[in-house]
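Structure, as structure tokens:
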Amino acid sequence: MFFRIMAAVMFSVAGGVAGVSFSERLRNELELCRNIRTMLLNTSVIIRCRADDVYTIASELKQDRSLEKLTFLQDIPEKYTPEENFSEIWSDALESQKNLPEDARKILYDFGAAVGKSDIEGQLVSMDALGENAIALEKKYSEIYSQKGRLYRSVGILFGIMVGILII
């Protein structure tokens, strides 16, 4: 009987851990969306105030601690070499980060295609449009997290308790 009770408790805890794990995945996606919005705002400021080139912008973004969830930024070079195309480098680096949701990845691809391609005003217009998309995306993931995060945690615990009761 003791082993059945221990197994029931272990399944209850395992269900809770699984629910928290799924909820944590949703929270990480929300944090990635927030980091993308912050990156777009920071880039707009850099372009507006200093009119830096794409490699200087990439260097600034790499050093920003608030963007640490965007790990692909570390794969972007800080110096220009003539045989490189920044958009291709950006796309290749973006492919290295696997935990990005597809809609967030689309915004980042568009960012890589837009930055450095036109004059300052054109880039700022592009950053503003991408910023609006990022805000909408952040709202979407915030709603998903607030609805499904709690659901995953509750269902995980309840499923674990149900299996535990079945064992007893």
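Can you find a residue that is assigned to a helix (DSSP H, G or I), charged (D, E, K, R) and either open to solvent by less than 60 Å² (accessible area, probe 1.4 Å) or within 18 Å of LEU108 (Cβ to Cβ) (or both) anywhere in segment 129-138?
Keep residues of segment 129-138 that are assigned to a helix (DSSP H, G or I), which gives 129-138.
Next cut, charged (D, E, K, R) only: 132, 138.
Next, only the ones that are either open to solvent by less than 60 Å² (accessible area, probe 1.4 Å) or within 18 Å of LEU108 (Cβ to Cβ) (or both) stay: 132, 138.
Yes, the conditions are met somewhere in segment 129-138.
Kindly list the number of the only condition in (1) open to solvent by less than 40 Å² (accessible area, probe 1.4 Å); (2) without any contact (Cβ under 8 Å) to a residue 40 or more places away in the chain; (3) not aromatic (Phe, Trp, Tyr) that fails for ARG65.
For ARG65, the failing item is (1).
Among what's in segment 15-37 and is surrounded by fewer than 17 Cβ atoms within 10 Å (Cβ to Cβ) and over 12 Å from TYR145 (Cβ atoms), pick the residue that is farthest from the chain's Cα centre (by Cα).
Looking at residues that are surrounded by fewer than 17 Cβ atoms within 10 Å (Cβ to Cβ) and over 12 Å from TYR145 (Cβ atoms), I get VAL17.
So which residues in segment 124-162 are out of contact with any Ser or Thr (no Cβ under 6 Å at 6 or more places or on another chain) and among the hydroxyl-bearing types (Ser, Thr, Tyr)?
Within segment 124-162, SER126, TYR141, SER142, TYR145, SER146, SER154 meet the criteria.
When you go through ILE47, ILE57 one by one, which is the residue that is β-branched (Val, Ile, Thr), within 22 Å of the chain's Cα centre (by Cα) and surrounded by 15 or more Cβ atoms within 10 Å (Cβ to Cβ)? Before the answer, list the steps.
Working: ILE47 fails: within 22 Å of the chain's Cα centre (by Cα).
After applying the criteria, what remains is ILE57.
Exactly one of these conditions fails for LYS98: (1) farther than 20 Å from ARG48 by Cβ; (2) open to solvent by less than 80 Å² (accessible area, probe 1.4 Å). Give me its number.
Answer for LYS98: the failing condition is (2).
From the list VAL17, VAL9, which residue is among the β-branched types (Val, Ile, Thr) and either modelled with pLDDT of 85 or more or not in a helix (DSSP H, G or I) (or both)? Working first, answer last.
Numbers: VAL9 fails: either modelled with pLDDT of 85 or more or not in a helix (DSSP H, G or I) (or both).
Going through VAL17, VAL9 in turn, just one is among the β-branched types (Val, Ile, Thr) and either modelled with pLDDT of 85 or more or not in a helix (DSSP H, G or I) (or both): VAL17.
Residues checked against (1) within 20 Å of the chain's Cα centre (by Cα); (2) closer than 19 Å to LEU70 by Cβ:
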position: SER91; (1), (2): yes, yes
position: ASP103; (1), (2): yes, yes
position: ILE120; (1), (2): no, no
position: VAL125; (1), (2): no, no
position: GLY131; (1), (2): yes, yes
position: LYS139; (1), (2): yes, no
position: ILE144; (1), (2): yes, no
position: ILE168; (1), (2): no, no
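The values are calculated or read from the model by the stated rules, or taken from the named source; none is laboratory data. For clarity, every value in this text was computed on a predicted model and none was experimentally measured. No Cβ is skipped: glycine too gets one built from the backbone with ideal geometry, and neighbour counts run over all protein chains shown. The protein model used for the area step is the full one, side chains on, heavy atoms only, and it has no ligands, DNA or RNA in it. Shrake-Rupley method; radii C 1.70, N 1.55, O 1.52, S 1.80 Å.
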